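The values are calculated or read from the model by the stated rules, or taken from the named source; none is laboratory data. Bear in mind the structure is a predicted one, so any value in this text is a computation, not a measurement. Because the Cβ atoms are built from the backbone with ideal geometry, glycine has one as well, and the counts that use them run over all protein chains shown.
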Amino acid sequence: METVVRIRADSVVREASRVLEGNWCMGRTSAGQPYSFTAPDIDKFPAQFYWDSCYHAIAWANIDPRRARDELRTLLAAAEPDGFIGHTIFWDAPVRLSRRAFYNLLSWRDRMTRTIHPPLLAFAWELVADASPDEPGFRTEALDRLAAHYDWLHAHRDPGDGGLLALIQPDESGLDASPKFDARLRWRAHGLPGFVALVRRNRRDRFRLEPIRARGGFVVCEVLANVAYALSTAALHRMGGGDRFAARAARTRRALLERCWDEAAGLFTDAPRRGRRVVSTWDALAPLALPDLPAAVAGRLVEEHLLDRRRYWRRFPVPSTSVEEPSYRPQTRFPFRYWRGPTWIASSWLLHRGLVLHGRADAAEELAARVRALVTESGFREYYHPDTGRGQGARAFGMSTLAAAL
């Protein structure tokens, strides 16, 4: 049995390497700035996407650490002097005409969006540094610039120092049309016609939190983004970034427990809740990736939800929305709306990490084996049917190469 799993893992790594190599982009901007990164999909998504690049680097770290380092250096090179890094960076060309209406740009000539993504950069940087014994200086080479990035997030997205970052659009979470946003956004939800109006209104406020909050616009302290923030600020402290980052990581962990944990549902939910029913989506389990989550909370997430076959533990876990939810849609159909049921391997990778951290190595290895079987059977697709394993969306999708990191 062990030999079969090892051979299958080796074949997954080889195919992941082929996909990452095929999506690799190198060049120089018109100003002479060099770049090298992995596009999520060379045809469908040819730009550099923030959290995709972090995941690509984690996958590269198991294959070619040099590429992993270049990926993260390029992402950090996009930072503005104050530390801001946008959701999407267009290194060699402006955004496509077909996407200008709903991309978060102030001008069509912009080369970076004005919204954020789950801030995984420092967390990925530490993982890549751990995989880079041949270049020990990588760990500390960019501490000042990484610190500036996380200081920007603290100043502009947690200005009251409450511990939780605030998002101004659902796509800042990376989860786009997740059904957990439906009640708040209704016709303006991602993938529906009103989303363009939401972007245009936020553009008038230059995508700044305070004026959007002041007029009563969509503002949410989303669970996954704050898990990423806690993981990254803790990593930045361990790499030598300063004690303020340890304090921020601890404050975010406390705030997640105090403001986002729903005792009745046994799940984490976005804040403010305002009496809304908890919608069970995979990110409600994402705090499992935090190493010091209380054992009782971790146990409920695992036993009542993740390993429940009626909810998340399907043939190819982890579905992005609980099977018990009315909004569960495992098969993509028009209108194409992401994160409403299909399995994404990035979710499985993060929850696999949580299972290991919280003493469930047995379930973690079972999850890894199912993910390896999934990509062996269906290739590195954008997302998959949780029961049949049928691949959907983009082909040769970079984020799915995280299967090689299990």
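Selection of the range 290-313 for residues being within 17 Å of Ala361 (Cβ to Cβ) and in contact with a Phe, Trp or Tyr (Cβ under 9 Å, 6 or more places away or on another chain) yields Leu301, Leu306, Leu307.
For the range 313-331, how many residues are assigned to a loop (DSSP other than H, G, I, E, B) and either farther than 21 Å from Thr376 by Cα or acidic (Asp, Glu) (or both)?
We begin by selecting, within the range 313-331, every residue assigned to a loop (DSSP other than H, G, I, E, B); these are 313-318, 320, 322-331.
Restricting the remaining residues to those that are either farther than 21 Å from Thr376 by Cα or acidic (Asp, Glu) (or both) gives 322-329.
Number of matching residues: 8.
Condition check: under 22 Å from Ala394 (Cα atoms), over 16 Å from the mean Cα position of the chain (by Cα) and of a type outside the set (A, V, I, L, M, F, W, C). Does Asp43 satisfy that? Reasoning before the result, please.
Details: under 22 Å from Ala394 (Cα atoms): yes; over 16 Å from the mean Cα position of the chain (by Cα): yes; of a type outside the set (A, V, I, L, M, F, W, C): yes.
Yes, satisfied.
Against the list (1) closer than 25 Å to Ala369 by Cβ; (2) touching a strand residue (DSSP E or B) at 6+ places or on another chain (Cβ under 6 Å), the condition Arg340 fails is (1). Which of the residues belonging to the range 269-300 are under 21 Å from Trp349 (Cβ atoms) and in contact with a Gly (Cβ under 7 Å, 6 or more places away or on another chain)? Residues satisfying the conditions are Leu288, Ala289. The set of residues from the range 204-223 being among the aliphatic types (A, V, I, L, M) and touching a residue at least 40 places away in the same chain (Cβ under 8 Å) comprises Leu209, Ile212, Val219, Val220, Val223. Taking the range 278-311 as the range and being part of a loop (DSSP other than H, G, I, E, B), surrounded by 18 or more Cβ atoms within 10 Å (Cβ to Cβ) and without any contact (Cβ under 8 Å) to a residue 60 or more places away in the chain as the test, the residues that pass are Ser280, Arg311. Among the residues of the range 334-371, those identified as assigned to a loop (DSSP other than H, G, I, E, B) and among the small types (Gly, Ala, Ser) are Gly341, Gly359. Residues in the range 200-211 that are more than 18 Å from His154 (Cβ to Cβ) and either among the aliphatic types (A, V, I, L, M) or assigned to a helix (DSSP H, G or I) (or both): Arg200, Arg201, Asn202, Arg203, Arg204, Pro211.
Restricting the range 372-406 to residues that are outside any helix (DSSP H, G or I) and of a type in the set (A, V, I, L, M, F, W, C) leaves a set whose member that is farthest from Gly22 (Cα to Cα) is Leu406. The numbered conditions (1) at positive phi; (2) touching an Asp or Glu at 6+ places or on another chain (Cβ under 8 Å); (3) of a type outside the set (Ser, Thr, Tyr); (4) surrounded by fewer than 19 Cβ atoms within 10 Å (Cβ to Cβ) are all true for Gly275 except (2).
Before we move on, is Leu367 within 21 Å of Asp262 (Cβ to Cβ) and touching a helix residue (DSSP H, G or I) at 6+ places or on another chain (Cβ under 8 Å)? So Leu367 fails the test.
Scan the range 158-187 for residues that are buried (at least 20 other Cβ atoms within 10 Å of the Cβ) and free of Cβ contacts under 8 Å to residues at least 60 places away in the same chain and report the count.
Let us first name the residues in the range 158-187 that are buried (at least 20 other Cβ atoms within 10 Å of the Cβ), namely 158, 163-175, 177-181.
After this cut, where a residue has to be free of Cβ contacts under 8 Å to residues at least 60 places away in the same chain as well, the list is 158, 166-168, 170, 181.
Number of matching residues: 6.
Filter the range 88-145 down to the residues that are among the acidic types (Asp, Glu) and in a loop (DSSP other than H, G, I, E, B), then identify the one that is farthest from Leu167 (Cα to Cα). Checked the range 88-145; the qualifying residue farthest from Leu167 (Cα to Cα) is Asp134. For the range 343-386, the set of residues classified as in contact with a strand residue (DSSP E or B) (Cβ under 7 Å, 6 or more places away or on another chain) and β-branched (Val, Ile, Thr) consists of Thr343 only.
Of Leu224, Leu185, Leu175, all but one fail to be modelled with pLDDT of 95 or more, within 23 Å of Asp262 (Cα to Cα) and assigned to a loop (DSSP other than H, G, I, E, B); the exception is Leu175.
When His87 is tested against (1) surrounded by 21 or more Cβ atoms within 10 Å (Cβ to Cβ); (2) over 16 Å from the mean Cα position of the chain (by Cα); (3) of a type outside the set (S, T, N, Q), exactly one condition is not met: (2).
The set of residues in the range 189-209 that are more than 18 Å from Gly86 (Cα to Cα), surrounded by fewer than 20 Cβ atoms within 10 Å (Cβ to Cβ) and not aliphatic (A, V, I, L, M) comprises Gly191, Pro193, Gly194, Arg201.
Which one is nearest to Thr113 (Cα to Cα), of the residues in the range 30-81 that are of a type in the set (Asp, Glu) and at pLDDT 95 or above? Restricting to residues being of a type in the set (Asp, Glu) and at pLDDT 95 or above, the top hit is Glu80.
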